[in-house]
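> Just passing along the structure, written as structure tokens.
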Amino acid sequence: MSWNCQYNIPNSLSVRRLTQGLKRLVSCTVDTQQSIQTTFYDTYDWRLYASRHVLEKQCENSNAGTLHLRSMEKTGAHAVVKMPHEPITFLQDLPNTAIRRQLASIIEMRALLPVASIRSCTTTLRLLDTNQKTVAYLELQESHALTSTGRTQGQVIRRACLVPVRGYATTARRLSRLLTEDLGLESAGGDLLNAVLAAGGRRPGDYSSKLGLQLDPNMRADAASKLVLHRLLDIMRANEHGIRNRVDTEFLHDFRVAVRRTRSLLVQLNNVFPGRTQNRYRRDFQWLQQITGPARDIDVYLLKFAEYQAMVEPPLRPALAPLRVYLEQHSTSLYRRLTRAFDTARYNKLIADWRAFLDQPSPKKSAVQNAARAIHDVANERIWRLYRRTIKAGRAINHDSPAQDLHELRKTCKKLRYMLELFQSIYPKRDIKQLIRTLKQLQDNLGDFNDLQVQSEVLQQISKEIHAKNRAGPETLMAIGNLVATLRQQREFERQAFFGRYKKFARPAMAARFRRLFRDAGNDARANKAA
Amino acid sequence: MKVLASYSIKGGVGKTATAVNLGYLAACDGARVLVWDLDPQGAASYYFRVKPKIEGGSKRLLRRKRSLLEVIKGTDYRNLDLLPADFSNRHLELLLDHGKKPRRGLRSVMRPLQNHYDYVFIDCAPSISLVSENVFDVSDALLVPTIPTTLSLRTLSTLIDFRLKHGLTDVQLLPFFSMVDRRKSLHRLIVERPPKKLSLAIKTFIPFASEVEKMGVRRAPLTTYAAHSRAAVAFEQLWTEVKSCLAKHHETSRWAAKSNENFS
């Protein structure tokens, strides 16, 4: 069922009068009258909101309560679980019920964070048929949004929510008409969560790791690049607190992607910024990339740990436990080191200088060759060059090519992907999405190949370290050996899969699309200029 | 999804009370539960105040012209749905017999349920027939309420023999004593020393109690109106034992859950 079932109760109508009016029209009883505190949860990047779901924990007095997952689209679609006192952060904090399984595919490894809280007085009415069977619930709510300190803020939100019982859609539609036509309620036009977020001054989707910029193709290259780089800096800064507090692994991941994109742009957009500036920031962001690398590597191993266990022969699985302990300890010390790096003068100066540089308006006249050219032309040139480089390097790969060649190709693909993603807003949406999708498939294969190569090497190294420090028995070393052997097998499987993926990427239709978008468009622009 | 059939060859032993009360308790645990009233008498539908009627009857469902999901009704309790009875269920035997695979007809009909429910409780009609064989085919366990009397034990013994003879060992047999009247010496004797052949995995027994009979007056699960009664407590213990038996016997259900779940 997909009709809106939330209504605003006008201030002139009290809940009591509304109930009395309803009782005259339909058989109903008061089910519950509760004063409850509701906390809405979402991930930092609003994955639940984006998938049109609402996760809320309702408590009466203590922290214990019930957790509800509902769809914003389908009325009545609902999963509930009783929650103990413990706070919820990750999937594994939830009992293994329907909610956990439904959430798993939406939030994955991300932490659940409270995004808003309300205190409400809710009267729930059961609307009954002639058999006194409940056919729908009507929840009448008067809510106050709460600040983080528990104080009320904003105006009282007065809502009526019709929750139909499954199999009684026709009756619920009739009741909906009765509420609007006979009782004068207005459709709320949005979920309660929207109203609560608005009352607290929050905008859903206020963080996203996506660029979300609309660039003008004729914009000067230096100004457009600064816009993109500014957005990337904002993403870095937005993730810093999550890394410091180790909220979840994706803060560091998003931070590193933003750093890598910044570096890539600085390298690819040659002669857009003065050489000295470009060189300085290339060096500094390379440093930032290096210091964040080790902690992310360990994060990946820990995220994949369940997969690793499944790869090992069942009797050896428990023997991997010391490896997990080692990784966790190592991760703690690496994050500590990373937090210290964020407090260094070098990091703070880098961020401050970089922001100051990006805030500076571009000079009207610039001696730098590409600075004043249209971003469309500069991006075309770079993307076309990277595409040709990818094709050339891909064509040279054969069954005996060393892993290093595949790694180099992967790096080129990554540069091409970043350029396509960062400047996608200046190209036709459908074309660019198709190119990115096919490139991503190739890149995933190369990424998996490289990861498996690196992981097997690093795990062997860790195995030696554990052995040298006497931190695990021979079973653990055997289990790691077993794991490394499986990783190598998988790596060979990925190598075989490469040729199919590359063929798909290099097919004539893709080449024609790249040529049309990035070479022919560039030639046309040059011809127009010459004319 | 796990399918539990409340089944007995004999009538009036407490099958419906078992399906309704255990279904309710499972829903209270947070599981998504469906009670399927397969008995044409429609007692479970009556308890949940739902009209025992399916548009198009069982024929359309069995011929898969209509999905089970379309005819399910929500009950008065969260997470607990009902597939109501229909008077045409009395012809189920004939309908199944005319299908391509008479012994596996219910399996394909039930397939759409598997991503929507954690438990399906089937309230069966008393008999041993083609319908029963279909129920054995789809169920992970048979809950067999048994009154501690000679005739009830005899029918249970028949069921045990039938299960072994037809190689239906995939379905777990969970008999338990029901409607136990401690005032009767025969009941006391049988409950205390059950015949060895029956080897009851479940120790809990449901006492004979007027509160259970009042389900027909209240038209609601026992726990909702007499939560502290002996019978309600016994049903809670029974559910705990059933869950533990299921966990021991089946690492995975016969209906393996899929990860891509939708809202029910």
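> Taking a ≥ b ≥ c as the square roots of the eigenvalues of the Cα gyration tensor of segment A:6-199, is the shape rounded (a/c under 1.5), prolate (a/b larger than b/c) or oblate?
On the way: a/c = 1.90, a/b = 1.51, b/c = 1.26.
Taking the square roots of the gyration eigenvalues as a ≥ b ≥ c, segment A:6-199 is prolate.
> Return the single residue from B:K73, B:K243, B:K165 with maximal mean-square fluctuation; model: Gaussian network over chain B, springs between Cα atoms under 10 Å.
Greatest mean-square fluctuation among the candidates belongs to B:K165.
> Could I ask something else about it? For segment B:178-247, what is the charge dipole size about the Cα centre, in debye to the nearest 20, if Lys and Arg each add +1 at the Cβ and Asp and Glu each add -1 at the Cβ?
240 debye
> Going by amide H atoms built from the backbone, whose H comes under 5 Å of the H on B:S178, apart from near neighbours?
Residues meeting the criterion, in which the H sits 1.01 Å from N, are B:T146, B:I147, B:I206.
> Using a 10 Å Cβ count of at most 16 others and DSSP loop calls, identify the longest part of chain A lacking such GluC sites (Glu not before Pro).
Numbers: sites that count: A:E60, A:E73, A:E108.
Answer - A:109-531.
> What FRET efficiency comes out for the pair A:A310/A:S208, r = Cβ-Cβ distance, R0 = 35 Å, nearest 0.05? Kindly include the intermediate steps, with their values, before the conclusion.
On the way: r = 32 Å, r/R0 = 0.92.
Computed FRET efficiency for A:A310 and A:S208: 0.60.
> Something else about it: If one takes the longest principal axis of the Cα atoms in chain B, at what angle in degrees, from 0 to 90 and to the nearest 10, does the Cα axis of helix B:15-28 lie?
70 degrees
> Chymotrypsin sites (Phe, Trp or Tyr not before Pro) within segment A:84-169: which are DSSP loop residues with at most 15 other Cβ atoms inside 10 Å?
Numbers: sites: A:F90, A:Y137, A:Y168; in loops: A:F90, A:Y168.
Passing both the DSSP loop test and the Cβ count: A:F90.
> Separate question: If you put +1 on each Lys and Arg Cβ and -1 on each Asp and Glu Cβ, how big is the dipole of segment A:6-199 around its Cα centre, in Debye rounded to 20?
On the way: 23 positive and 16 negative charges, 94 e Å.
It comes to approximately 460 debye.
> In debye to the nearest 20, how big a dipole does the protein assembly as shown give about its Cα centre with +1 on each Lys and Arg Cβ and -1 on each Asp and Glu Cβ?
Values: 126 positive and 75 negative charges, 412 e Å.
Using Cβ point charges on Lys, Arg, Asp and Glu, the protein assembly as shown gives about 1980 debye.
> Right, next: Distance between the C-alpha centers of segment B:97-141 and segment B:28-51? Whole Å please.
16 Å
> Under a plain spin-label model, where a point goes 7 Å from the Cα along Cα-to-Cβ, how far apart in nm are A:R52 and A:I436?
2.2 nm
> Quick check: the distance between the Cα centres of segment A:234-284 and segment A:106-151, to the nearest angstrom?
Value for the Cα centre distance between the two parts: 41 Å.
> Positive end of the dipole of segment B:55-153, charges at C-beta (+1 Lys, Arg; -1 Asp, Glu), about the Cα centre: which of B:L143, B:I128, B:L95 has its Cα farthest in that direction?
Checking the options against the dipole of segment B:55-153, the answer is B:L95.
> Hey, another quick one. Compute the long axis of helix A:521-530 from its Cα atoms, compare it with the longest principal axis of the Cα atoms of chain A, and write down the angle in degrees, 0 to 90, nearest 10.
70 degrees
> So which residue, out of B:L25, B:L82, B:L168, gets the largest mean-square fluctuation from a GNM of chain B using Cα contacts under 10 Å as springs?
With Cα springs under 10 Å in chain B, the top fluctuation among B:L25, B:L82, B:L168 is at B:L168.
> Here's another thing I want to ask about it. Add -39500 (n - 2.57) for each DSSP H run of 4 or more in chain B, then divide by its residues: what number comes out at 222 nm, to the nearest 500 deg cm²/dmol?
Values: 13 runs with 106 residues, N = 264.
Roughly -11000 deg cm²/dmol at 222 nm, from the helical runs in chain B.
> Residue farthest toward the positive end of the dipole of chain A, with Cβ of Lys/Arg at +1 and Asp/Glu at -1: which of A:Q155, A:Y347, A:S51?
A:Y347
> Considering only A:S401, A:V26, A:Y168, whose Cα is most displaced toward the positive end of the charge dipole of the protein assembly as shown, charges sitting on Cβ of Lys, Arg (+1) and Asp, Glu (-1)?
A:S401
> Mind running the shape call on segment B:2-249? Use the C-alpha gyration tensor, a ≥ b ≥ c as the square roots of the eigenvalues: rounded below 1.5 for a/c, prolate if a/b tops b/c, oblate otherwise.
Numbers: a/c = 1.71, a/b = 1.26, b/c = 1.36.
Oblate, because a/c is 1.5 or more while a/b does not exceed b/c.
> Would you please classify the overall shape of chain A from the alpha carbon gyration tensor, given that a ≥ b ≥ c denote the square roots of the eigenvalues, rounded means a/c under 1.5, and beyond that prolate means a/b larger than b/c while oblate covers the rest? Write down the numbers at each step before the final one.
Details: a/c = 2.04, a/b = 1.49, b/c = 1.37.
Because a/c hits 1.5 or more and a/b exceeds b/c, chain A counts as prolate.
> Hey, with R₀ at 22 Å, roughly what FRET efficiency would B:R111 and A:E73 work out to, going by the Cβ-Cβ distance, to 0.05?
0.30
> I've got another one for you. Would you mind checking the tilt of helix A:275-303 against the longest principal axis of the Cα atoms of chain A, expressed as 0 to 90 degrees and rounded to 10?
Taking the Cα atoms of chain A, the angle to A:275-303 is about 60 degrees.
Read-outs: derived from the displayed coordinates by stated rules, not from any lab. Note that the coordinates shown come from a computational prediction; the quantities given were computed from them, not determined experimentally. Note that we place each Cβ from the backbone using ideal geometry, even for glycine, and neighbour counts take in every protein chain shown.
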